[in-house]
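Inspection log for the structure reproduced underneath, given as structure tokens.
The values are calculated or read from the model by the stated rules, or taken from the named source; none is laboratory data. The model shown is predicted, which means the values in this text are computed figures rather than measured ones. Heads up, the Cβs are rebuilt from the backbone with ideal geometry, glycines too, and the neighbour counts pull from every protein chain shown.
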Amino acid sequence: MTAGQGKGQGNSMNDKNNAGAPDAKDAAQAADLLVTVAETLNARLAVTAQELARSQAMLREASDELMTAFRGAADRIVAAQREDSADEAERAAEYGTVLDHLYRACQHLQSHDLVNQLIDAQKLRVDKMREKLGEAINLASPGGAQPVNAEQWIERSRAMLDCIVAGIRQIDDDPRGVRTDKKSAGSVDLF
Amino acid sequence: MKTILAVDDSATMREMVAFVLESAGYRVIEAEDGAQGLDRAAATACDLVITDQNMPNMDGLTLVRNLRQMGDYKSVPILLLTTESSDAMKQQGRAAGATGWLVKPFDPATLLEVVQKVLR
């Protein structure tokens, strides 16, 4: 049984019993609210989808850079092993070059880590929303008796709405979310 | 050898910080959140603390405030290393007693420059 079916039956009960304007008005408002909530939810999930796509793009970029840096370090180490150089200055220069490559890799590994955290946060948001949607769907199809009048149908619709709204609030409630700002990355402020 | 406490709930980030600092000759001890950082700081005299902001159990700003109340850490430099970059958050860091604010991902050479500067 869906909320739409419920609303329909509720209205039909109103028609049949001619219960008066207030019930019909409430039912209409509930239906409107349901549509508004569904649209809001859709917009939020669209943003989430965009953030996930952005995260994947960042991850690909970081991966490419990381591989370049690692290959640079690996090539240098192999070359250093082949050369039988006793020159300390040359060895120190080689070490510096390898370290430079590893520092670059280190920077991009951080990006990997941050993007992973970003994706985790998005997955958590989607999971929470799905959990609330599941609760709302369960409210629409309980195992017990079905509503018998418009008031009961409206009550059920409102319970579903409360559930969906709680899910939407959870999406916005992200106190420990990772914030990535490419412009500010690497910046330093000493107080 | 100077001892630096690195606090971050991300193992990868702690590893990156430790790699960079150890490659420059520093000793690094690690903690995975503010509460553990506070314990480590109490157990070992650290010359510098580098902490993330958003962590479970205790966040970076709370750690800074707690450290500043410990006699041994009144003047020890404390750097926030975080993805947070808003002016409002930086102001909170300053008010809490932090020495500086670095935004992730950090550039290893820049991190070393800042560390050398605050340890002088």
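Looking for whichever is modelled with pLDDT of 75 or more and among the polar types (S, T, N, Q) here; the options are A:141, A:157. Which one fits? Please lay out each step first, then the result.
Values: A:141 fails: modelled with pLDDT of 75 or more.
Just a single option satisfies the conditions, and that option is A:157.
Taking into account only those residues within the range B:46-56 that are over 17 Å from residue A:117 (Cβ atoms) and surrounded by fewer than 24 Cβ atoms within 10 Å (Cβ to Cβ), which is nearest to the other protein chains (Cβ to nearest Cβ)? So that I can check it myself, show each step before the final result.
Residues of the range B:46-56 that are over 17 Å from residue A:117 (Cβ atoms), as a first pass: B:46-50.
Remaining after also requiring surrounded by fewer than 24 Cβ atoms within 10 Å (Cβ to Cβ): B:47-48.
Values: B:47: 17, B:48: 13 Å.
Ranking the qualifying residues of the range B:46-56, first place goes to B:48.
Please go through (1) surrounded by 21 or more Cβ atoms within 10 Å (Cβ to Cβ); (2) in contact with an Asp or Glu (Cβ under 7 Å, 6 or more places away or on another chain); (3) not in a loop (DSSP other than H, G, I, E, B) for residue B:61 and return the number of the only condition it doesn't satisfy.
(2)
If I ask for residues that are over 19 Å from residue B:55 (Cα atoms), of a type outside the set (A, V, I, L, M, F, W, C) and surrounded by 15 or more Cβ atoms within 10 Å (Cβ to Cβ), which ones from the range B:69-82 would you list?
So the first thing to find is which residues in the range B:69-82 are over 19 Å from residue B:55 (Cα atoms), and the list is B:69-77.
Narrowing the set further to residues that are of a type outside the set (A, V, I, L, M, F, W, C) leaves B:69, B:71-75, B:77.
Of everything in the range B:69-82, those that are over 19 Å from residue B:55 (Cα atoms), of a type outside the set (A, V, I, L, M, F, W, C) and surrounded by 15 or more Cβ atoms within 10 Å (Cβ to Cβ) turn out to be B:73, B:77.
For the range B:1-27, give me each residue that is assigned to a strand (DSSP E or B) and surrounded by fewer than 19 Cβ atoms within 10 Å (Cβ to Cβ).
Residues satisfying the conditions are B:3, B:27.
Residue-by-condition table, conditions (1) facing chain A (nearest Cβ under 10 Å); (2) of a type in the set (A, V, I, L, M, F, W, C); (3) under 21 Å from residue A:112 (Cβ atoms):
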residue	(1), (2), (3)
B:15	yes, no, yes
B:44	no, no, no
B:68	no, no, no
B:82	yes, no, yes
B:94	yes, no, no
B:98	yes, yes, no
B:116	no, no, no
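Every residue in the range B:83-98 that is within 26 Å of residue B:1 (Cα to Cα) and either touching a residue at least 60 places away in the same chain (Cβ under 8 Å) or buried (at least 21 other Cβ atoms within 10 Å of the Cβ) (or both), please. Please lay out each step first, then the result.
Residues of the range B:83-98 that are within 26 Å of residue B:1 (Cα to Cα), as a first pass: B:97-98.
Residue satisfying the conditions is B:98 alone.
If I go through the range A:93-126 residue by residue, how many of them are modelled with pLDDT of 80 or more and either away from chain B (no Cβ under 13 Å) or on the phi > 0 side of the Ramachandran plot (or both)?
Summing the residues that are modelled with pLDDT of 80 or more and either away from chain B (no Cβ under 13 Å) or on the phi > 0 side of the Ramachandran plot (or both) in the range A:93-126 gives 6.
Which residues, taken from the range B:37-58, are within 24 Å of residue B:116 (Cβ to Cβ), touching a helix residue (DSSP H, G or I) at 6+ places or on another chain (Cβ under 7 Å) and part of a helix (DSSP H, G or I)? Even if it seems obvious, please write down each step before you answer.
Of the residues in the range B:37-58, the ones within 24 Å of residue B:116 (Cβ to Cβ) are B:37, B:40-41, B:44-53.
Going one step further and asking which of them are touching a helix residue (DSSP H, G or I) at 6+ places or on another chain (Cβ under 7 Å), we end up with B:37, B:41, B:45, B:47-53.
Hits for the range B:37-58 are B:37, B:41.
Somewhere in the range A:92-106, is a residue among the β-branched types (Val, Ile, Thr), more than 29 Å from residue A:186 (Cβ to Cβ) and out of contact with any strand residue (DSSP E or B) (no Cβ under 9 Å at 6 or more places or on another chain)? First the steps, then the outcome.
Looking only at the range A:92-106, we keep the residues that are among the β-branched types (Val, Ile, Thr), and these are A:97-98.
Adding the requirement that they be more than 29 Å from residue A:186 (Cβ to Cβ) leaves none.
Among the residues of the range A:92-106, not one is among the β-branched types (Val, Ile, Thr), more than 29 Å from residue A:186 (Cβ to Cβ) and out of contact with any strand residue (DSSP E or B) (no Cβ under 9 Å at 6 or more places or on another chain), which makes the answer no.
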